[in-house]
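The values are calculated or read from the model by the stated rules, or taken from the named source; none is laboratory data. Owing to the predicted nature of the structure, the values given are computational and were not obtained by experimental measurement. Positions of Cβ are backbone-derived with ideal geometry, glycine not excepted, and every protein chain shown enters the neighbour counts.
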Amino acid sequence: MNPRLLPYVLILPVTLFLCLFFLYPFVLVAQQAFSDGSGFTLDNFRDVTSHWKFPISLKNTFLLALAVVPIQLALSLLMATMVNRMKRGRDLILYIWTIPLGISDLAAGIIWLAIFEQSGFLNSMMGGLGLIDSPTNFLSYQSPMMVFVAIMLAEVWRATAIMLVILVAGIGLIPKEYYEAGEVFGATAWQRFLKITLPMLRPSLQTALVLRVILAFEVFAVVQALGGTLFPVLMGETYEYQFTLLNAGAAAAIALIILGISIAFTLIIMRALRVPKGATI
Amino acid sequence: MAVIEIKNVAKRFGDYQALHDINLTIDDQEFMVLLGASGCGKSTLLRIICGLETASEGEVWIGGKRVDHLPPKDRGISMVFQNYAVFPHLTVFENIGFGLRMQKLPNDQVKRRVERTAGLMHIDQLLKRYSGELSGGQRQRVAVARALAMEPDVILMDEPLSNLDALLRMEMRAELKGVLAESNTTAIYVTHDQVEAMSMADRISVMHEGKIVQAASPIEVYRDPAAEFVAGFIGNPPMNFLPATPAGAAGQWSVAGQTLHGPNAGKDLKFAIRPEDLTLADQGFQARAKVVEPLGAHLLVTCEVEGHQFRAILDSETQVRMGDTLTLAPQDGRGRWFDPATTLAVS
């Protein structure tokens, strides 16, 4: 075997697999989105974007991402920094903090539904404490803010850990000597975080943010469980078109729009957090 | 003025005693080298002086002020790290100016001081580069420039040259000594390399198992080691040792069949002699050559004297072959004597 060919031969099976089960369906979806059965058309895109629910679900998806991702970023940075300072029990804490990663997003949505619904934990607790006379329906069309907050909480609870594990690994890679140099040259703990941890964590922040932002635009099951039709999001609309309205072309079009948004944000994040040439460890 | 006083400093890591009751005074503008094998506590002592580590006991004074409760930045020190710790995400300019920025100095002052120290370390043409674009030697220069830019009273260096190749190390050694002498700072320099220690230090503190065994000028450490450990550690190769027994008259010692004049002591001692202080003579130790190493400038012969390993450095023209028996005489006044019980020098 030619040693120059060997690496390519070794990655061939994975590449073939991905082409078969990812690229091919993707091409099919794209085809579906851009055709009406007879030829090329943009009708599907025109239909879905002109529907009255589209601007609302677009706005909701962005609002949710905008509210959730920064909170998760701050939380995961804080948690990663704390875990990194621990000498004992570090792994145990990490396991506990990453438990939400182990359950599906629908299950996560149902857990939070059990808290917020009319006969849920929150109502019985407040009733038990004498704070309210009768149970209130938090998740109704009359309180859209409450629905939003509930979804936000569930999302933060469910998906912060994915950023956390990436950032913990990234922080662990930063040599201790840099912090000692920072300390000797007069940087406070906060300055060391800003001037050493954050810039040196850029590659991990890139990965974590790209992953998290893509997931945020794909948010579905948690919203479905807690908000139902009260809080339409793009992925929910895709589901709706595909399975309720049986309009595969429109569903494909929305899916492509979500993909487009994800790619755009990925490029923005990569560019914003790029590491200049020669500036790596 | 920055005299450093270390008073009764001890450090324990759990059950492990890293430093035992260290007492040391370093004069203003003195270049002090802490020398020892790895694990002897020299880096721990440096880190205690720096403030990156806290002593379990004892006090550290810098410039007449007790500093052991202060953070590093308030001690008037700066430091050069073993792996340089040059920030990869900052340019050379921002690296050198890092400490000055933390002090919130105005831009023009930062610029002036960065450019001056960069010039001093001959890296003024690299100011816009990132550390990934620098060689090891250049990074080393950035690390030194960053420490000097702080204009500290005391500069601490933790094996700063150990990651450079041999030739570069020799070059940087001389340059560092020159730059530090001009900067009028007190310097503490940790190394395991005795050549570095000998060539740079005003004074060397030889450390062993968490204690300072001897603190003296390089030549004194070399000529008059205070303890057997120092004699066996300093010098390449180090001193030879032979058992000595009293030979009747006071001050007369029997060493490997020879009668030598030594100190007055009522018990067995050890006689020590440097390999280069031995000459071929008619009368002396009978040494059987086991390994002959021609090193160009001289000839290193490893022999055996009454079962003890014994090395001699002879003139490079000497004709010696393996198995030959040499007669080696110690030069007058060069022999040293140690008490095997206390391992300390006896004179």
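Key figures
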{"item": "Complete set of residues in segment B:144-173 that are over 19 Å from the mean Cα position of the chain (by Cα), of a type in the set (D, E, K, R) and at negative phi", "result": "B:R146, B:D153"}
{"item": "The lone exception for B:F285 - which of (1) touching a Leu at 6+ places or on another chain (Cβ under 8 Å); (2) farther than 30 Å from B:H208 by Cβ it fails", "result": "(2)"}
{"item": "Odd one out for A:R88 among (1) buried (at least 16 other Cβ atoms within 10 Å of the Cβ); (2) more than 30 Å from B:M102 (Cβ to Cβ); (3) within 14 Å of another protein chain (Cβ to nearest Cβ)", "result": "(1)"}
{"item": "Residue match in segment B:122-136 (condition: modelled with pLDDT of 90 or more, at negative phi and within 25 Å of the chain's Cα centre (by Cα))", "result": "no"}
{"item": "Filtered residues of segment B:56-72 (kept if surrounded by fewer than 22 Cβ atoms within 10 Å (Cβ to Cβ) and within 9 Å of another protein chain (Cβ to nearest Cβ))", "result": "B:P71"}
{"item": "Exclusive hit being more than 30 Å from B:D193 (Cα to Cα) and either surrounded by 18 or more Cβ atoms within 10 Å (Cβ to Cβ) or of a type outside the set (S, T, N, Q) (or both), set B:R129, B:R75", "result": "B:R129"}
{"item": "Residue match in segment A:133-142 (condition: over 17 Å from the mean Cα position of the chain (by Cα) and closer than 23 Å to A:M200 by Cβ)", "result": "no"}
{"item": "Helices (runs of 4 or more DSSP H) contained entirely in segment A:164-239, each with at least 3 residues that are crowded, with 20+ Cβ neighbours inside 10 Å", "result": "A:176-184, A:202-217, A:221-226, A:234-239"}
{"item": "Scope segment B:304-329; condition within 12 Å of B:L280 (Cβ to Cβ) and not in a loop (DSSP other than H, G, I, E, B); matching residues", "result": "B:A312, B:I313, B:L314, B:D315, B:T325, B:L326, B:T327, B:L328, B:A329"}
{"item": "Residues being away from chain B (no Cβ under 14 Å) and either closer than 16 Å to A:V29 by Cβ or not in a helix (DSSP H, G or I) (or both) - total across segment A:249-281", "result": "15"}
{"item": "Filter result for the condition that a residue is within 26 Å of the chain's Cα centre (by Cα) and surrounded by fewer than 15 Cβ atoms within 10 Å (Cβ to Cβ), over A:V48, A:V14, A:V9", "result": "A:V14"}
{"item": "Odd one out for B:Q286, checked against (1) crowded, with 17+ Cβ neighbours inside 10 Å; (2) not in a loop (DSSP other than H, G, I, E, B)", "result": "(1)"}
{"item": "Flag for A:V184 being more than 21 Å from the chain's Cα centre (by Cα) and at pLDDT below 90", "result": "no"}
{"item": "Segment B:25-46, residues that are farther than 20 Å from B:F233 by Cα and either without any contact (Cβ under 8 Å) to a residue 12 or more places away in the chain or part of a loop (DSSP other than H, G, I, E, B) (or both)", "result": "B:D27, B:D28, B:Q29, B:E30"}
{"item": "Condition met for A:L20 (more than 25 Å from the chain's Cα centre (by Cα) and at pLDDT 90 or above)", "result": "yes"}
{"item": "Residues of segment B:245-281 classified as under 14 Å from B:T327 (Cα atoms), of a type in the set (A, V, I, L, M) and surrounded by fewer than 21 Cβ atoms within 10 Å (Cβ to Cβ), total", "result": "3"}
{"item": "Test: residue in segment B:87-106 that is facing chain A (nearest Cβ under 9 Å), part of a loop (DSSP other than H, G, I, E, B), among the hydrophobic types (A, V, I, L, M, F, W, C) and surrounded by fewer than 21 Cβ atoms within 10 Å (Cβ to Cβ)", "result": "yes"}
